[in-house]
Every structure is written in C-alpha cells, then in structure tokens.
Amino acid sequence: DSGVTQTPKHLITATGQRVTLRCSPRSGDLSVYWYQQSLDQGLQFLIQYYNGEERAKGNILERFSAQQFPDLHSELNLSSLELGDSALYFCASSLGPYQPQHFGDGTRLSIL
Amino acid sequence: GQSLEQPSEVTAVEGAIVQINCTYQTSGFYGLSWYQQHDGGAPTFLSYNGLDGLEETGRFSSFLSRSDSYGYLLLQELQMKDSASYFCAVHWGDYKLSFGAGTTVTVRA
C-alpha cells in the first residue's frame, strides 16, 4: 500500500462528457503528480502541484485541468471527453520535487 | 525536449542476471529513477541516481554516467515475481519527470 488513494477505481462514460478524478496523497507529501497511461504506452506526465501551486506542466490537453486543495488532495478534471482519452490515470505523491514518487492504484477511464 | 531509450523486452531464466540499459537526451538533467510496474498495477519506485556511480538496493542495483547520458538497472538472482515492466525516468527542468516506454522482463522457470 503506497498510501496514495485514488477514486474512483473505474469510470465508464460517453464522449463529450466531463469527469473528475480524485487523489489523496500520502500523509506528509506536498507534491502531487498526474500521469496518463494508455494501452501499451508508457507513463505520460500531465501536471504537478506542490503545496497547492502548479509547478510543472507536461503534455496536458487544454480540455484537462487540475488543482490541489489546501488539504493537499488533488482533482483532475477531464472535459469534452473523446474515445482517445480512454486510459489509466495515475496520481503520485512525493515529499518534494526530485523525491521518489509513490503511485496510487489508478483510475481506469473508459469512454464509450 | 527529451528522449529516453530502453529495450522493449528482455527474457531470462530464474536465478539469472538482467541488465536494462537506458540512454537519454534531455536539457536540465537532474537525475535518473527506475520504477517497476506489474501488469495492471501501480508503478513502484525502485531506485534513484543523482550522481555518477552505482546504487545498490538488495537484489537490484542502478548505475548512472552523466557524461555518457546513460544508466542501467541490474536485476540479480531473478525470481518469477520480477516479471514486470521496468521504466527509467529522467528528472529534468523544473520538477519534471519523463518516463521511458518501458522494458518488459519475462522470467522463465
């Protein structure tokens, strides 16, 4: 158990819809990261927050947004969903930048 | 931008030694990490190299040469449970972490 909690574990929705994925980091971790992993693909870095502030952006689409709240949990919002957005979305947390990242079990998003 | 290259697949028998190489090109390089991911599971952190040299953690060791933009993960005394995907990842720029495509290790009896 990494200590990182992601909800929901599975999500099935239709094209054009909007969903919110939630992540609670390990106790004490200030950094939260979001990744997308498509079938047979590596992990694509989306965005990172540190203590409530956005610190780094990767290949995150404009239809996607995220935020980290004062209690350090984070949400990833995906809108105008397309079939290609079907993937496993991971959240990870770490004490700080360049520290080992601890991953949650992921949210499997299926777009029908 | 940045790029990482690692072999796509490696197969070995129980008890053997496997070395997974990773070469990278990136600006603002800070360090190299390795993660293990079992099928359908969450990636788990294995090791981190910020300086040149070898880091040993039990049966797993990782090496980095910053001048050669090269690192490797060494898996010793392979066990069936080591069958998984292994990702190298570079820390670069402002707090970014980019993963390679992963190496699938298959351990046979």
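The values are calculated or read from the model by the stated rules, or taken from the named source; none is laboratory data. Keep in mind it's a predicted model, so treat the numbers as computed, not measured. Quick reminder, even Gly has a Cβ in these numbers, built from the backbone with ideal geometry, and neighbours come from all protein chains shown.
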* **strands (runs of 3 or more DSSP E) lying entirely in segment B:1-82 (those with 1 or more residues that are under 10 Å from the mean Cα position of the chain (by Cα) and free of Cβ contacts under 8 Å to residues at least 60 places away in the same chain)** => B:18-25, B:29-37, B:44-49, B:60-65, B:70-75
* Provide a single number: the residues in segment A:86-100 that are within 13 Å of the chain's Cα centre (by Cα) and of a type outside the set (Ser, Thr, Tyr). => 5
* Asked: Filter segment B:1-16 for residues that are aliphatic (A, V, I, L, M) and surrounded by fewer than 20 Cβ atoms within 10 Å (Cβ to Cβ); which is farthest from residue B:68 (Cα to Cα)?
  -> B:13
* Quickly run through segment B:75-90 and pick out the residues that are surrounded by 15 or more Cβ atoms within 10 Å (Cβ to Cβ), more than 10 Å from chain A (Cβ to nearest Cβ) and among the polar types (S, T, N, Q). => B:76, B:83
* Asked: What residue, among those in segment B:17-40 that are surrounded by 14 or more Cβ atoms within 10 Å (Cβ to Cβ) and small (Gly, Ala, Ser), is farthest from residue A:106 (Cα to Cα)?
  -> B:31
* To do: Just give me the residues in segment A:86-112 being in contact with a His (Cβ under 9 Å, 6 or more places away or on another chain), within 12 Å of another protein chain (Cβ to nearest Cβ), surrounded by fewer than 21 Cβ atoms within 10 Å (Cβ to Cβ) and farther than 14 Å from residue B:97 by Cβ, in sequence order.
  => A:108
* Somewhere in segment A:55-62, is a residue within 17 Å of residue B:93 (Cβ to Cβ) and among the basic types (Lys, Arg)? -> yes
* Search result, residues across segment A:56-79 that are out of contact with any Lys or Arg (no Cβ under 9 Å at 6 or more places or on another chain), within 14 Å of another protein chain (Cβ to nearest Cβ) and more than 13 Å from residue A:89 (Cβ to Cβ) -> A:59, A:68
* Structure fact -> Per the filter on segment B:91-103, residues in a strand (DSSP E or B), more than 7 Å from chain A (Cβ to nearest Cβ) and either out of contact with any Phe, Trp or Tyr (no Cβ under 6 Å at 6 or more places or on another chain) or at pLDDT below 95 (or both) are B:92
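Here's the yes/no breakdown for (1) loosely packed, with under 15 Cβ neighbours inside 10 Å; (2) under 12 Å from the mean Cα position of the chain (by Cα); (3) not polar (S, T, N, Q):
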{"site": "A:5", "(1), (2), (3)": "no, yes, no"}
{"site": "A:24", "(1), (2), (3)": "no, yes, no"}
{"site": "A:30", "(1), (2), (3)": "no, no, yes"}
{"site": "A:34", "(1), (2), (3)": "no, yes, yes"}
{"site": "A:42", "(1), (2), (3)": "no, no, yes"}
